[in-house]
Amino acid sequence: TQVLSDGLPLYGGQIGGLGLLQIPPLDLRQAEVIKGAATALYGPAALGGVVNLVSRSPVDRQEILLNQTSRAGTDGVLWVGKRLSDQWEYTLVGGVHHQDQVDVDGDGWADLPRFERVELRPRVYWNGEQGRALFATIGAMAENRTSGTVAGAVAPDGQPFGEGVNTSRLDGGLVAVLPVSDADTVTVRGAVTSLWQRHRFGPTIERDRHSTLFSEVTLTLPRRRAVWLVGAAFERDGYHAADVSGFDHTFTTPSLFAQITLSVTQRMAISASGRCDAHSRYGTICSPRLSILLPVTTGLTARLSGATGFFGPTPFTEETEVIGLSRLRPLMGVRREQAQYASLDVTGKRGPFEVNGTLFASTIRNPVLLRDSSNVLELVNATGPTRTSGVEFYAVYLREPLTITADYAYLHSTQVSSVTGTRGAVPLNPRHSAGLDVAWDNDETGTRVGIEAFYTGREAVDHDPYRTTSRPYTTIGVLVSQRIGPALLYLNAEDLTDVRQTRYDRLLLPAPGEGGRWTTDEWAPLEGRQVNLGVRLGF
């Protein structure tokens, strides 16, 4: 899934080292989501979809957020917005964060890692005459994170085992909008990202650097009921490992793409797009996407979408993030992953009710999986496709001051094992999941109360000698906030049912597992019940 910030890949083309909780939400206005294969719009990194985090617009305001958790976590975040003139504006967000290492269940292994993190991101906006505009940003983040056995404890082999990663990231991006006529517009986007990491897996140290260079030029041409968009892009994705050989690479991908959005009637529209990417290692491939919006009845619409896409495999997967690359054989003969995706969305709105239902299916050919062959780990293409289908349902009831949201998802996903060659469930994908959120918000008194409950059903479990299927569980949370003058005080209690995976099984393996790992996969919360207390000051 491609994660963007204001339409720019500021977190790089490979986001394995990025956690969304590393991004402070104080300057977040909204999150835009594109489901399914989005290669036709955003390139190979968007095979699984796109999440675009849109920042808040500049206003003359400053905000400070101070937060403390019951699990020894502390956060301080500052947001500043300023309008310097009719043309120039800026925002700035910065934060400092600390978390102590916490062993919740007393088994000698940290269920919460220790980390210290700082980040800073200024954004500058310029708005000129006749629609000309410029947006520019730079960002910096540094984090030191340590986990593994806690002080004085040892792994089951009688030796201490430390894990951790030190991360530094610098990035920059810009967006320029240049009208070329009364209706036509040229948009230029560019971004550059560098990520340095020092990984520790017990006695093994792995230092590396990721770099991404991105540029794109698009021309938007509104023509009566149709809007055309044509463009070209170039992306360079590089990786260099200081302590492990055989994994260095530099991928370049020039691209050409086009899209047309046609408004057939006031409620019926068709959007078609296509993109051709010339990947320096995995060859040239073209990816189409088609979406049709149809009126069903008054207040009810349906959207039918279909797309294909591809991804050029790298050594970075969820498994290799856990074990590192020193125990992995360099990629040899791995083919690109290719996906086909289709979905049907139905959306209806009547009075205070809004509902959305989605039926979807996808097939990924040549999926890349980790295989342990005679104690040699390697990434290989599975002998059969990964098939996924499911249903999602989302409903909202909004009548101030009450808001109720409910969601449910059914997911059936299977893959061919790289070891046995048999088809089975994809691990860590719950067949059933659901959520309910009830919020009461009184603008006059500044009081808000929210209650939420989330259900996670059974899911297949891998790398676990204690079970092959997880236990279903439900978590409950409560949020209470009160505005007093310029301050918003809040109390947020999460996982009140104190669900913890270690209540069912041990987290630690009896002996080193695949790639030397000492823990099972995480299929339920590890930290259990947690309470946040904080204040948000605005002035």
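Please report the spacing between the Cα centers of region 182-250 and region 287-311 in Å, no decimals. That distance is 28 Å. With a sphere of radius 15 Å drawn around the Cβ of residue 490, what net charge do the other residues whose Cβ falls strictly inside it have (Lys, Arg +1; Asp, Glu -1)? Around residue 490, the surrounding residues sum to -2.
Mean sequence separation of contacting Cα pairs (under 8 Å, at least six apart), scaled by the length of the chain, corresponds to a relative contact order of 9 percent. Other residues within the sphere of radius under 10 Å centred on the Cβ of residue 259, judged by their own Cβ, net out at +2 (K and R +1, D and E -1). Of the solvent-accessible surface of region 305-404, computed with a 1.4 Å probe and all protein chains present, 54% belongs to carbon and sulfur. Here the chain is assigned +1 on the Cβ of each Lys and Arg and -1 on the Cβ of each Asp and Glu. Its dipole about the Cα centre then comes out at about 1420 debye. Check which residues have an amide H placed less than 5 Å from residue 458's amide H, if you skip close sequence neighbours. So residue 458 has HN proximity to 431, 432. When the chain is described by a simple charge dipole with +1 on each Lys and Arg Cβ and -1 on each Asp and Glu Cβ, the residue from 146, 362, 130 located farthest towards its positive end is 130.
Considering only protein heavy atoms and a probe of 1.4 Å, how much of the accessible area of region 16-165 is carbon and sulfur, as a whole percent? Ligands and nucleic acids excluded, carbon and sulfur reach 58 percent.
Assuming a viscosity of 1.306 mPa s and a temperature of 10 °C, what translational diffusion coefficient in µm² per second does Stokes-Einstein assign to the chain, Rh being the Kirkwood radius over Cα pairs? Estimated via Stokes-Einstein, D reaches 62 µm²/s.
Solvent-accessible surface of the chain, taken per residue with a 1.4 Å probe and all protein chains present: 49 Å². Evaluating 6.51 cos²θ - 1.76 cosθ + 1.60 at θ = phi - 60° for every residue in region 408-419, the Karplus couplings come out as 8, 9, 10, 10, 10, 9, 10, 9, 8, 4, 6, 9 Hz, glycine and proline recorded as x.
Note that region 142-150 has calculated 3J(HN,Hα) couplings of 9, 8, 10, 10, 10, 8, x, 5, 7 Hz, one per residue in order, obtained from phi through the Karplus relation 6.51 cos²θ - 1.76 cosθ + 1.60 (θ = phi - 60°); glycine and proline are x.
Taking the accessible area of region 448-539, probe 1.4 Å, and keeping the other protein chains in place, the carbon and sulfur fraction comes to 57%.
Rounded to the nearest 5, what is the percent of antiparallel bridges among the DSSP beta bridges in region 1-76?
Counting only bridges with both partners in region 1-76, antiparallel ones make up about 75 percent.
Net charge near residue 144, counting Lys/Arg +1 and Asp/Glu -1 over other residues with Cβ under 12 Å of its Cβ? Here the count lands on +3.
The values are calculated or read from the model by the stated rules, or taken from the named source; none is laboratory data. Owing to the predicted nature of the structure, the values given are computational and were not obtained by experimental measurement. Heads up, the Cβs are rebuilt from the backbone with ideal geometry, glycines too, and the neighbour counts pull from every protein chain shown. Quick note on the areas: whole protein, heavy atoms, side chains included, nothing else; ligands and nucleic acids left out. Shrake-Rupley method; radii C 1.70, N 1.55, O 1.52, S 1.80 Å.
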